[in-house]
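Q: Supplied in structure tokens, the structure appears directly below.
The values are calculated or read from the model by the stated rules, or taken from the named source; none is laboratory data. Since the model is a prediction, treat every value here as computed from it, not as a measurement. All Cβ positions, even for glycine, are placed from backbone atoms using ideal geometry, and neighbour counts span all protein chains on display.
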Amino acid sequence: MKSKLASLAILSVLASAGSFAADGTISIKGTISSQSCEVTGNGTADTNFTVTLDPVMASSLSAAAATAGGKAFSISLNACTTTTGNVYTAFEQGPTVDVVTGQLKLDATGDAAENVQLAIKNADRSVVKLGNTGTGQGSKQVALTNGSAKMDYIVEYIATGKAKAGSANSSVMYSVTMP
């Protein structure tokens, strides 16, 4: 009798598992591109590069939103297999990005400045909001011309309050988005 009840229980579980119906289908489409470019940063022959800001006085960052020490840098594309279209830099979200302010947090070291972040802006000084996705960052699109493009930016200190002196180092990963 117990084995008959166990068999009935197993059959009812198996039968109920098959009674669920699908409500719809999600189709996913993608493209694997063969497009490529030589990417270089700040006039170097490398994709990894350093932008060294000039030192500034803490007093120049005495209140929230005060900025100082802007330094220009660029990301260049050459020998792209696609010769036309628009490209832009997507700065990757990561542990150094403050998604609330859209700026870079400083490396947490014992001698780090306080109440300071680093802002990346387009060359026209319009804000690039790190942490947003794709074109929502505001990184300017640049036209490829004969397979080349140069994307110009500025990085500067920005106060989140009254700054206290110290080192102001950070980093951010980036990707170049092309047609």
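Q: Mind checking whether some residue in the range 167-178 is over 17 Å from LEU104 (Cα atoms) and in a strand (DSSP E or B)? First the steps, then the outcome.
A: Initial filter on the range 167-178 (over 17 Å from LEU104 (Cα atoms)): 176-178.
Narrowing the set further to residues that are in a strand (DSSP E or B) leaves 176-177.
For the range 167-178, residues over 17 Å from LEU104 (Cα atoms) and in a strand (DSSP E or B): present.
Q: Follow-up. Which numbered condition trips up ARG125, out of (1) buried (at least 16 other Cβ atoms within 10 Å of the Cβ); (2) modelled with pLDDT of 95 or more; (3) at positive phi?
A: (1)
Q: Consider the range 50-72. How many of its residues are of a type in the set (S, T, N, Q) and touching a helix residue (DSSP H, G or I) at 6+ places or on another chain (Cβ under 9 Å)? Show your work before the answer.
A: Step one: list which residues in the range 50-72 are of a type in the set (S, T, N, Q), which gives 50, 52, 59-60, 62, 67.
With the extra rule that they be touching a helix residue (DSSP H, G or I) at 6+ places or on another chain (Cβ under 9 Å), the set shrinks to 67.
Number of matching residues: 1.
Q: Return yes when ALA113 is farther than 13 Å from ILE154 by Cα, at pLDDT below 95, surrounded by 17 or more Cβ atoms within 10 Å (Cβ to Cβ) and in contact with a Gly (Cβ under 9 Å, 6 or more places away or on another chain) and no when it is not.
A: On the way: farther than 13 Å from ILE154 by Cα: yes; at pLDDT below 95: no; surrounded by 17 or more Cβ atoms within 10 Å (Cβ to Cβ): yes; in contact with a Gly (Cβ under 9 Å, 6 or more places away or on another chain): yes.
No; evaluated as a whole, the condition is false for this residue.
Q: So, one more: Might you let me know whether the range 67-86 holds any residue that is at pLDDT below 90, in contact with a Cys (Cβ under 7 Å, 6 or more places away or on another chain) and surrounded by 12 or more Cβ atoms within 10 Å (Cβ to Cβ)? Spell out the reasoning first.
A: Taking the range 67-86 as the starting set, the residues that turn out to be at pLDDT below 90 are 81-84.
Still in the list and also in contact with a Cys (Cβ under 7 Å, 6 or more places away or on another chain): none.
Checking the range 67-86: not a single residue is at pLDDT below 90, in contact with a Cys (Cβ under 7 Å, 6 or more places away or on another chain) and surrounded by 12 or more Cβ atoms within 10 Å (Cβ to Cβ).
Residue-by-condition table, conditions (1) over 14 Å from GLN103 (Cα atoms); (2) surrounded by fewer than 18 Cβ atoms within 10 Å (Cβ to Cβ):
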{"site": "LYS121", "(1), (2)": "no, no"}
{"site": "GLN137", "(1), (2)": "no, no"}
{"site": "GLN141", "(1), (2)": "yes, yes"}
{"site": "THR145", "(1), (2)": "yes, yes"}
{"site": "ALA149", "(1), (2)": "yes, no"}
{"site": "ASP152", "(1), (2)": "yes, yes"}
{"site": "TYR157", "(1), (2)": "no, no"}
{"site": "ALA163", "(1), (2)": "yes, no"}
{"site": "SER167", "(1), (2)": "yes, yes"}
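Q: Now for a separate question. Can you tell me which of (1) modelled with pLDDT of 90 or more; (2) within 28 Å of THR135 (Cβ to Cβ); (3) assigned to a loop (DSSP other than H, G, I, E, B); (4) not small (Gly, Ala, Ser) is the one ILE28 doesn't meet?
A: Here ILE28 meets the rest and fails (1).
Q: Continuing with the same structure: Going by what's in this entry, would LYS129 be described as in contact with a strand residue (DSSP E or B) (Cβ under 7 Å, 6 or more places away or on another chain), charged (D, E, K, R), assigned to a loop (DSSP other than H, G, I, E, B) and free of Cβ contacts under 8 Å to residues at least 60 places away in the same chain? Walk me through how you get there before you give the answer.
A: Values: in contact with a strand residue (DSSP E or B) (Cβ under 7 Å, 6 or more places away or on another chain): no; charged (D, E, K, R): yes; assigned to a loop (DSSP other than H, G, I, E, B): yes; free of Cβ contacts under 8 Å to residues at least 60 places away in the same chain: yes.
No: the conditions fail for LYS129.
Q: Is one or more of the residues making up the range 38-45 within 17 Å of VAL142 (Cα to Cα), hydrophobic (A, V, I, L, M, F, W, C) and modelled with pLDDT under 95? Lay out the reasoning, then the answer.
A: Pass one, the range 38-45, residues within 17 Å of VAL142 (Cα to Cα): 38-42.
Add one more test, that the residue is hydrophobic (A, V, I, L, M, F, W, C), and what stays is 39.
Checking the rest, the ones that are also modelled with pLDDT under 95 come to 39.
Within the range 38-45, one or more residues are within 17 Å of VAL142 (Cα to Cα), hydrophobic (A, V, I, L, M, F, W, C) and modelled with pLDDT under 95.
Q: I'd like to verify a number: residues in the range 107-130 that are within 16 Å of the chain's Cα centre (by Cα) and not polar (S, T, N, Q), how many?
A: Result for the range 107-130: 8.
Q: Of all residues in the range 169-179 being surrounded by 15 or more Cβ atoms within 10 Å (Cβ to Cβ) and either closer than 30 Å to THR81 by Cβ or basic (Lys, Arg) (or both), which is modelled with the lowest pLDDT?
A: Taking the range 169-179 and keeping what is surrounded by 15 or more Cβ atoms within 10 Å (Cβ to Cβ), we get 169-170, 172, 174, 176, 178.
With either closer than 30 Å to THR81 by Cβ or basic (Lys, Arg) (or both) added as a condition, the list becomes 172, 174, 176, 178.
Numbers: VAL172: 95, TYR174: 93, VAL176: 91, MET178: 82.
Residue satisfying both the conditions and the ranking: MET178.
Q: For the structure I just gave you, tell me whether LEU104 is crowded, with 18+ Cβ neighbours inside 10 Å and either in contact with a helix residue (DSSP H, G or I) (Cβ under 9 Å, 6 or more places away or on another chain) or of a type in the set (Phe, Trp, Tyr) (or both).
A: Numbers: crowded, with 18+ Cβ neighbours inside 10 Å: yes; either in contact with a helix residue (DSSP H, G or I) (Cβ under 9 Å, 6 or more places away or on another chain) or of a type in the set (Phe, Trp, Tyr) (or both): no.
No; evaluated as a whole, the condition is false for this residue.
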